[in-house]
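The values are calculated or read from the model by the stated rules, or taken from the named source; none is laboratory data. The structure presented is a predicted model; accordingly, all values stated were derived computationally and were not measured. Because the Cβ atoms are built from the backbone with ideal geometry, glycine has one as well, and the counts that use them run over all protein chains shown. Side chains are part of the model used for accessible areas, which takes the heavy atoms of the whole protein and leaves out ligands, DNA and RNA. Shrake-Rupley method; radii C 1.70, N 1.55, O 1.52, S 1.80 Å.
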Amino acid sequence: MKHLLSYSVYQDIGFFGKTPRELLNGMRCDGLEMLTSYEHPPESHLPLSASVHLPYATDWMAAWKGEPYDMDDYQSLYYMYGRSPEDVVGNISKAIDLASDISPPYGIMHLCDGSVPHLHCHEQPYTDDYVITEFAEVMNRVAASMPGGEPPFRILFENLWWPGLRMTDSKGFRLLDRKLEFSDWGLCIDTGHLMSCFPRIYTEQDGIDTLADVFSGYDQDIIDKVEAVHFHYSASGEYRETYEDVTPGDKPIKEFIVGMYPHIGKIDQHMPFSDPRCKELLDILQPEYVTHEMPGSAEGPIEDFIKQRSLLP
């Protein structure tokens with residue numbers, strides 16, 4: 001089981017000092033899971049990059065349906081993958097091609113859609129099945145455009161709490177398995193995202209108990225597909241029960257999105273585990289890679305990694 005730390009091409013590799021490999025080795029960290037972009041990864045990042053997390057667009061469905069929001073080219077790329085179905089397929093393909101510089105064993109893709117006008121609402125306009133079906137079609141077109149009809153590295157689909165692949169049970173996986181037309185894919189289970197799909201998770205311990213029950217209910221073929229885990233917790237049940245719906249109103253859509261970041265952060269807390277029982281979750285799933293993904297604490301990512309890593313063999 002390899003242990004990685006989440007990082008991005010937008011961050012300075014100098015953060016790890018003059019001898020970054022020595023620092024990571026001392027932390028018992030096997031490298032970085034690198035969030036990539038639509039440009040070649042910086043040369044300075046390549047030696048430490050052990051895998052990649054591909055770019056995500058919050059509401060790609062808007063462009064996929066030909067109903068883009070009023071944004072400039074840069075904003076459209078990062079919030080919708082562009083403005084049209086062709087843009088969505090083309091820009092995901094471009095991101096995958098550029099990430100190939102790292103020669104990663106896998107690349108993470110979020111499989112959900114956060115409808116922008118509903119980012120601060122309890123109800124969403126799309127069902128899980130609809131989002132999974134549509135994104136499977138997107139990825140089928142992406143793969144079909146590549147040599148041999150397969151991506152250059154394995155694509156791992158990640159669960160979220162917005163509509164799409166939630167992984168609260170086997171239903172979404174079964175649908176995805178039926179819809180995908182290429183073979184080189186697997187799953188990344190994000191523990192904090194999964195906790196945010198359930199009510200009454202008020203503590204870290206609530207989250208561990210809930211996820212242990214969920215994982216124990218997965219069939220073996222699902223567990224076999226789980227190759228990576230994003231490891232952290234979010235105990236946001238109280239906030240999710242009490243926040244009020246907010247819609248854009250007359251605000252420009254970009255301004256509204258930026259205003260949603262604090263709300264999203266209160267749901268998706270990305271906190272480091274402190275309860276040793278968190279190990280039980282990895283014991284069930286047995287992933288090859290565990291990415292410690294914790295920007296939520298005030299302590300800092302290195303301190304959080306060391307704290308959480310100390311709980312594991």
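Does residue 5 qualify as being part of a helix (DSSP H, G or I), over 20 Å from residue 96 (Cβ atoms) and in contact with a strand residue (DSSP E or B) (Cβ under 9 Å, 6 or more places away or on another chain)? No; evaluated as a whole, the condition is false for this residue. Among residues that are part of a helix (DSSP H, G or I), touching a strand residue (DSSP E or B) at 6+ places or on another chain (Cβ under 9 Å) and touching a residue at least 60 places away in the same chain (Cβ under 8 Å), residue 99 is included.
For region 202-215, the criterion of being touching an Asp or Glu at 6+ places or on another chain (Cβ under 8 Å) and among the β-branched types (Val, Ile, Thr) is met by at least one residue. Only residues that are outside any helix (DSSP H, G or I) and open to solvent by less than 60 Å² (accessible area, probe 1.4 Å) were counted across region 131-153, and they come to 4. Taking each residue of region 191-203 that is more than 12 Å from residue 268 (Cβ to Cβ) and looking for partners that are among the acidic types (Asp, Glu) and assigned to a helix (DSSP H, G or I) with beta-carbon atoms closer than 6 Å, six or more apart or interchain, yields 202/238. Taking the stated definitions as given, is residue 5 among the aliphatic types (A, V, I, L, M), more than 30 Å from residue 136 (Cβ to Cβ) and under 17 Å from the mean Cα position of the chain (by Cα)? Yes; evaluated as a whole, the condition is true for this residue. As for region 136-156, it holds no residue that is more than 27 Å from residue 39 (Cβ to Cβ) and touching an Asp or Glu at 6+ places or on another chain (Cβ under 6 Å).
Selection of region 19-48 for residues being of a type in the set (Gly, Ala, Ser) and in contact with a Ser or Thr (Cβ under 9 Å, 6 or more places away or on another chain) yields 31, 37. Here 160, 194, 176 are screened, and the one residue that is open to solvent by less than 30 Å² (accessible area, probe 1.4 Å), under 24 Å from residue 55 (Cα atoms) and part of a loop (DSSP other than H, G, I, E, B) is 160.
Checking the stated criteria, residue 77 turns out not to satisfy the condition of being outside any helix (DSSP H, G or I) and surrounded by 15 or more Cβ atoms within 10 Å (Cβ to Cβ).
For the condition part of a loop (DSSP other than H, G, I, E, B) and open to solvent by 50 Å² or more (accessible area, probe 1.4 Å), residue 86 does not qualify.
Per the listing 177, 190, the residue uniquely charged (D, E, K, R) and under 21 Å from residue 238 (Cβ atoms) is 190.
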